[in-house]
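Written out below as structure tokens is the structure these notes cover.
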Amino acid sequence: MKYFDSFTNAFVGTVDWTWKSILFEVPWYTNYFWGLIVISLVVWGLEIVFPWRKNQPIIRKDFWLDAFYMFFNFFIFSIAISGFYKMLTLIFADLGISSKSLAIIDITNWALWAQLLVFFIVLDFVQWFTHVLLHRWPVLWQFHKVHHSVKVMGFAAHLRYHWMENILYKPLKTFGVMILGGFEPEQAYIVHFAAITIGHLNHSNVKITWGPFKYIFNNPVMHLYHHAYTLPEGKAGVNFGISLSLWDYLFKTNYIPEDSGTIELGFEGDDQFPQDFLGQNTYGFRNNTD
């Protein structure tokens, strides 16, 4: 019964928090609903004023589909699975597995800036590693094709991905937090909002390279080549960075042959890939042995 109650309470609580966010009844710095909208409008404005690809339409191909994906993945699906994750937490606790079990570092007494920096770096590396798996494991790649089905790049493509990726990413991100003793800094919202902003920029039609900081932070030029139709021979993917490019340079998965922004995007056979939301989100289950 306690598992059912935890499931129900987590589900209802997430719905309630989301609704209160819409009504501005939560602290502004935790309001991811309106935060996502504001960040999206700002980056979209940059695309309009400073377009990298001058001939790309403001309302590009699949713009509204990607906008739907943003809210589906960030809110609707998160609500749907919130109860399951809460229930799993209880199951692990009953098995004697706690957030302290895997802790390898204690940052609770560090300065806030150091806590946020370590939190950001650890979570970003976990996501980089997960991203590599999505490309190199054929079964996972079938689901990740949804994200790579983008043919005209824009900020909203950031959150176009198959809901199964949430199933993989979230436990691994939780694992990253457990490495830190289950500790998430009080001001972790700074890290989360920064990650959303960087992700939007990386998918935007704006040419940003960050100068010498390109070896640390991911950027639109680098990430566009992650979506390239034609990859270097023998490579399952390049430029896997989420917020940081650092991992790609360290592990030799970086690749930027030029910066015109005019390359073809997609993957081999994408002309046969479904164009609608339902088709894209059932594709991986129908084609998981390719």
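Of the residues making up segment 30-41, those that are surrounded by fewer than 17 Cβ atoms within 10 Å (Cβ to Cβ) and within 17 Å of Tyr189 (Cβ to Cβ) are Thr30, Trp34, Ile37, Val38. For segment 106-132, the tally of residues that are in a helix (DSSP H, G or I), more than 19 Å from Tyr189 (Cβ to Cβ) and either among the β-branched types (Val, Ile, Thr) or out of contact with any helix residue (DSSP H, G or I) (no Cβ under 9 Å at 6 or more places or on another chain) (or both) stands at 2. Within segment 128-153, the set of residues being under 23 Å from Ser78 (Cβ atoms), crowded, with 21+ Cβ neighbours inside 10 Å and touching a residue at least 60 places away in the same chain (Cβ under 8 Å) comprises Trp128, His131, Phe143, Lys145, Val146, His148, Ser149, Val150. Quick check on Ile79: is it farther than 15 Å from His203 by Cβ and outside any helix (DSSP H, G or I)? Against the criterion (farther than 15 Å from His203 by Cβ and outside any helix (DSSP H, G or I)), Ile79 does not qualify.
For segment 40-54, the set of residues classified as more than 11 Å from Ser204 (Cβ to Cβ) and assigned to a helix (DSSP H, G or I) consists of Leu41, Val49, listed by residue number.
Scan segment 146-172 residue by residue and report those that are touching a His at 6+ places or on another chain (Cβ under 8 Å), within 20 Å of Arg286 (Cβ to Cβ) and part of a helix (DSSP H, G or I). Residues satisfying the conditions are Val146, His147, His148, Glu165. Just one of the numbered conditions (1) under 19 Å from Asp124 (Cα atoms); (2) surrounded by fewer than 20 Cβ atoms within 10 Å (Cβ to Cβ); (3) of a type outside the set (Ser, Thr, Tyr); (4) modelled with pLDDT of 95 or more is not true of Lys207: (1). Provide a single number: the residues in segment 226-268 that are farther than 18 Å from Arg136 by Cα, assigned to a loop (DSSP other than H, G, I, E, B) and of a type in the set (A, V, I, L, M). Of the residues in that region, 2 qualify.
The values are calculated or read from the model by the stated rules, or taken from the named source; none is laboratory data. Bear in mind that the values here come from a model prediction, so they are computed numbers and not experimental data. All Cβ positions, glycine included, derive from the backbone under ideal geometry; neighbour counts span all protein chains shown.
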